[in-house]
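What follows is a short report on a single structure.
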Amino acid sequence: METIHPILARLTNSSVTGSTHEHPTWFVYRCPELQTFTVSGADATAFLQGQLTQDITQQTDQKAQFAGYCTAQGRVLATMLLTRNDQPEPVYKCFTHISVAQALIKRLRMFVMRSKVVFTETEQAVEPLGIVGVSSVDVEALEHVLKHTLPRQPWQQAEHVTGTWVCAPTAPSAQAQPLRWWWLASSGHQQAIEAIEDLTSLATESPHHVSTWQQFDVQAGLPWVEQSTQDLFIAQTLNLDLIGAVSFTKGCYPGQEVVARAHYRGTLKRRMFLGHIDQAIEVSLASDVFSASQTNEPCGRIVSSVTSQMLEHNRTDLLFESTITAAHDGDLTLNLPASKQQPTPIKIVLDPLPYAF
């Protein structure tokens, strides 16, 4: 008898006997690098509208949004994904990098004042499961197992008995990456809880581990700001405007003047680019990037880095900020300290982003 993937069998309370598919058409990933919290209350929409780069008033319960949170100088302190659920007042679930989550929540709370806004750290109080990534090359088969449909377009959101599903952006090649989703499983769905708990042991045995999901994000040109990259970049140099995470028609928010000035004056000289190194190496975030024409002065910095050590993909994928001129000229390098006296230059191969400037 043909059997289904054991993780999804648990979701539907199906029995799992015999061997699984030799080539499963879907994979489930833990996302321990992301933390969730909720913003709720009668003034939640107005509060977030005055704090984030995104136009929160235009958000619905059918489409998630990506946004940035900036200092007054326009430097990005955090990036986040927001989902909305009207019940009946809007409740926003925010996904952000775990290294900046606590500082972000603390800073946002400082500006609540008398607004009717409530913050809940959902990893402890409401949704103890955390965020899970799911990818599939056969969406209909996955939907059949889950017993419900899934959103098919990037940023589309759907609420089901299994929890909140958001379709994530992918790399340009449909063959390179299947459709994928962020999934915040419902705490009331016991099969989901048990299935996710099983992921820890399975992930260590499978080549499709957590770094694969992070690699998907990098190749999709999605910048997650971490603690080591806080306060280094403005919204446009992380391409937030190119992925629809910045509104230039909404009202004020911290850093709005700086972001708007760079947009309307057309003086932007730096952008975020996608590249890779043809070997698997650890690259520190915020490391300097150099161009061949000016080896003593960095032209940019590393935003995200993820390594892949699978047999067919021994490489390191990078998102990095750089001057547009240096990136167009090519011959970019990353200097790794082979010794204190003589660093070793490592070539960065430029790859096409899934969106145009």
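Quick one: count up the residues across region 234-245 that are open to solvent by less than 20 Å² (accessible area, probe 1.4 Å) and either of a type in the set (A, V, I, L, M) or in contact with a Phe, Trp or Tyr (Cβ under 8 Å, 6 or more places away or on another chain) (or both).
Within region 234-245, residues that are open to solvent by less than 20 Å² (accessible area, probe 1.4 Å) and either of a type in the set (A, V, I, L, M) or in contact with a Phe, Trp or Tyr (Cβ under 8 Å, 6 or more places away or on another chain) (or both) number 5.
Using the structure shown, decide if Ser186 is among the small types (Gly, Ala, Ser) and modelled with pLDDT under 95.
Yes, satisfied.
Any chance you could count how many residues in region 240-261 are in a loop (DSSP other than H, G, I, E, B) and without any contact (Cβ under 8 Å) to a residue 24 or more places away in the chain?
2
Collect the residues in region 144-174 that are in a helix (DSSP H, G or I) and in contact with a strand residue (DSSP E or B) (Cβ under 9 Å, 6 or more places away or on another chain), keeping them in residue-number order.
Val145, Leu146
Can you confirm whether region 82-102 contains a residue that is polar (S, T, N, Q), within 18 Å of the chain's Cα centre (by Cα) and open to solvent by 60 Å² or more (accessible area, probe 1.4 Å)?
Checked region 82-102: at least one residue is polar (S, T, N, Q), within 18 Å of the chain's Cα centre (by Cα) and open to solvent by 60 Å² or more (accessible area, probe 1.4 Å).
Do you know which residues across region 60-70 are open to solvent by 10 Å² or more (accessible area, probe 1.4 Å) and either among the β-branched types (Val, Ile, Thr) or modelled with pLDDT of 95 or more (or both)?
Within region 60-70, Thr60, Gln62, Lys63, Gln65 qualify.
So that you can scan it fast, the table gives a plain yes or no per residue for (1) at pLDDT 95 or above; (2) in a strand (DSSP E or B); (3) within 24 Å of the chain's Cα centre (by Cα):
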position	(1), (2), (3)
Ser211	no, no, yes
Phe216	no, no, yes
Val225	yes, no, yes
Ser228	yes, no, yes
Asp231	yes, no, yes
Gln236	yes, no, yes
Phe273	yes, yes, yes
Gln279	no, no, yes
Val283	no, no, yes
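For Thr71, indicate whether it is within 24 Å of Arg114 (Cβ to Cβ) and not basic (Lys, Arg).
So Thr71 fits the description; yes.
So, Val303, is that one closer than 19 Å to Thr71 by Cα, part of a strand (DSSP E or B), open to solvent by less than 20 Å² (accessible area, probe 1.4 Å) and touching a residue at least 60 places away in the same chain (Cβ under 8 Å) or not?
yes
The values are calculated or read from the model by the stated rules, or taken from the named source; none is laboratory data. Just so we're clear, the structure is a prediction, and the values are computed from it rather than from any experiment. Quick reminder, even Gly has a Cβ in these numbers, built from the backbone with ideal geometry, and neighbours come from all protein chains shown. Accessible surface areas use protein heavy atoms only, side chains included; no ligands, DNA or RNA. Shrake-Rupley method; radii C 1.70, N 1.55, O 1.52, S 1.80 Å.
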